[in-house]
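The values are calculated or read from the model by the stated rules, or taken from the named source; none is laboratory data. In this text, all values refer to a predicted model and were calculated from it rather than measured experimentally. Cβ coordinates were reconstructed from backbone atoms using ideal geometry, including for glycine residues, and neighbour counts include every protein chain displayed.
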Amino acid sequence: MSEIHNVIIIGSGPAGYTAGLYAARAMLEPLMFAGYMSGGQLMLTSDVENFPGYPKGIGGPEMMMELREQAERFGLEVRDQNVESVDLSEKPYKVVVEGETFLTHAIIVSTGAESIWLNAPGEEQQKGRGISTCATCDGAFFKNEEVLVIGGGDSACEEATFLTRFASKVTLIHRHDVFRASTIMYDRVVKHDKIEVKTFRQVKEWLSDEKGLTGAVLEDPRDGTLENISVSGAFIAIGHKPITGFLGGQVEVDGEGYILHKKHTMTSVEGVFAAGDVVDTRYKQAITAAGMGCQSAMDVEKWLEDQH
Ligand code: NDP
């Protein structure tokens, strides 16, 4: 507990690893708590096709391993543990991990975001028994079966396309007819002969039997018309929410829980910085997260210098 670290990085997606790379190269000897499932959301992504420098695309987990390896080469220390809480009431700050307390002058929060669930009736009981938020993790369970995907963004389109590898049919439903997804990803969906897109549909209720999910009651939000769909798998892809619970409300966030930047990448607390999806309400790309991770490490370096 007596050693005071220069900077502790919490979270290990593209933002965290890039922050780690820059902080390590700046000789700050950064320590990262990567979480039990290090690598963040890209560990659950099949193919990354839009990160510059990979002309043939790259698997999400593979890219995360390479980012980690690159940062570790310059001295980033990575521990695959979850941070339970932080105490920002006095300096040096305290970071509590599995009951052990670490002291640090600066912190970079790069914990990213987690999937939002629909919370329709019957959902809780069928989580892991047919209802999932991760096609990469669970898609293979639905070989030659019919599945449902919910959402109108890039995630929903990506999940639907990925699921065609296994499922006999994928139905993608969206609550209206305007899709947020990028044109290239949406086009792939509408042109795919295994995918049917149904607009103006939302899940009113999940249907199940003793073996698991059997389908859903869908509702047209315009007039309340109901229809039943039979599927054995359903993938909810309706967005993400930032992971900030361990901060215990000590850092200012916006109405949706995203951390607010006050000066460059510094948060409302002096010496506490944030980068990536935990801050980003708009872009949410691996490349933008990596860019912000770089900025946060450079801001930490400058801020530490200014303290002397
Ligand atoms: P988005 O926020 O972009 O889209 C969420 C979708 O879910 C919207 O269509 C939204 O509908 C719908 N939705 C939200 N709440 C509900 C609800 N309660 N019931 C039904 N539908 C709902 O999230 P994504 O996860 O798709 O994408 C997040 C970010 O990640 C984006 O910036 C995206 O570009 C990026 N991304 C990039 C990928 C890539 O490039 N390979 C892959 C995946 C994501 P509405 O429009 O009505 O609000």
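Cβ-Cβ below 9 Å, separation at least six or inter-chain, first residue in the range 276-295 and without any contact (Cβ under 8 Å) to a residue 40 or more places away in the chain, second among the basic types (Lys, Arg): which pairs?
If the second residue must be among the basic types (Lys, Arg), the pairs left are Thr288/Arg282.
Would you kindly identify the strands (runs of 3 or more DSSP E) lying entirely within the range 204-305 that contain at least 1 residues that are out of contact with any Gly (no Cβ under 8 Å at 6 or more places or on another chain), within 16 Å of the ligand (Cβ to nearest atom) and among the β-branched types (Val, Ile, Thr)?
Details: elements: 212-219, 226-230, 233-236, 240-242, 272-274.
Fully inside the range 204-305 and qualifying: 212-219.
What do you reckon, is Glu69 among the charged types (D, E, K, R), outside any strand (DSSP E or B), closer than 29 Å to Ser2 by Cα and at pLDDT 95 or above?
On the way: among the charged types (D, E, K, R): yes; outside any strand (DSSP E or B): yes; closer than 29 Å to Ser2 by Cα: yes; at pLDDT 95 or above: yes.
It is true that Glu69 is among the charged types (D, E, K, R), outside any strand (DSSP E or B), closer than 29 Å to Ser2 by Cα and at pLDDT 95 or above.
Being more than 23 Å from Gln285 (Cβ to Cβ) and touching a helix residue (DSSP H, G or I) at 6+ places or on another chain (Cβ under 7 Å) is true for just one of Leu213, Leu207. Which residue is that?
Only one candidate passes the filter, namely Leu213.
Note down all Cβ pairs under 7 Å where the first residue falls in the range 42-55 and is touching a residue at least 12 places away in the same chain (Cβ under 8 Å) and part of a loop (DSSP other than H, G, I, E, B), the second is among the aromatic types (Phe, Trp, Tyr) and more than 9 Å from the ligand (Cβ to nearest atom), and they're at least six residues apart or on different chains.
Sorted first by the residue in the range 42-55, then by its partner, the pairs are Ser46/Phe162.
Out of the strands (runs of 3 or more DSSP E) lying entirely within the range 98-203, which hold 3 or more residues that are touching a residue at least 60 places away in the same chain (Cβ under 8 Å) and at negative phi? Let's see the steps before the verdict.
Numbers: elements: 100-109, 113-115, 146-150, 169-174, 195-199.
Of the strands (runs of 3 or more DSSP E) lying wholly inside the range 98-203, those with at least 3 residues that are touching a residue at least 60 places away in the same chain (Cβ under 8 Å) and at negative phi span 100-109, 113-115, 146-150.
Consider Asp177 carefully, then state whether it is exposed (fewer than 12 other Cβ atoms within 10 Å of the Cβ) and within 16 Å of the ligand (Cβ to nearest atom). Steps first, answer last, please.
Numbers: exposed (fewer than 12 other Cβ atoms within 10 Å of the Cβ): yes; within 16 Å of the ligand (Cβ to nearest atom): yes.
Yes; evaluated as a whole, the condition is true for this residue.
Look at Val170 and say whether it is within 23 Å of Ile116 (Cβ to Cβ), more than 13 Å from the ligand (Cβ to nearest atom) and not basic (Lys, Arg).
Details: within 23 Å of Ile116 (Cβ to Cβ): yes; more than 13 Å from the ligand (Cβ to nearest atom): yes; not basic (Lys, Arg): yes.
The answer is yes for Val170.
Just to be sure I understand the filter: pairs with C-beta atoms under 6 Å, separated by 6 or more residues or on different chains, first member in the range 297-308 and closer than 12 Å to Ile108 by Cα, second member in a helix (DSSP H, G or I). Which pairs pass?
Within 6 Å, the pairs are Ala297/Ala19; Ala297/Tyr22; Ala297/Ala23.
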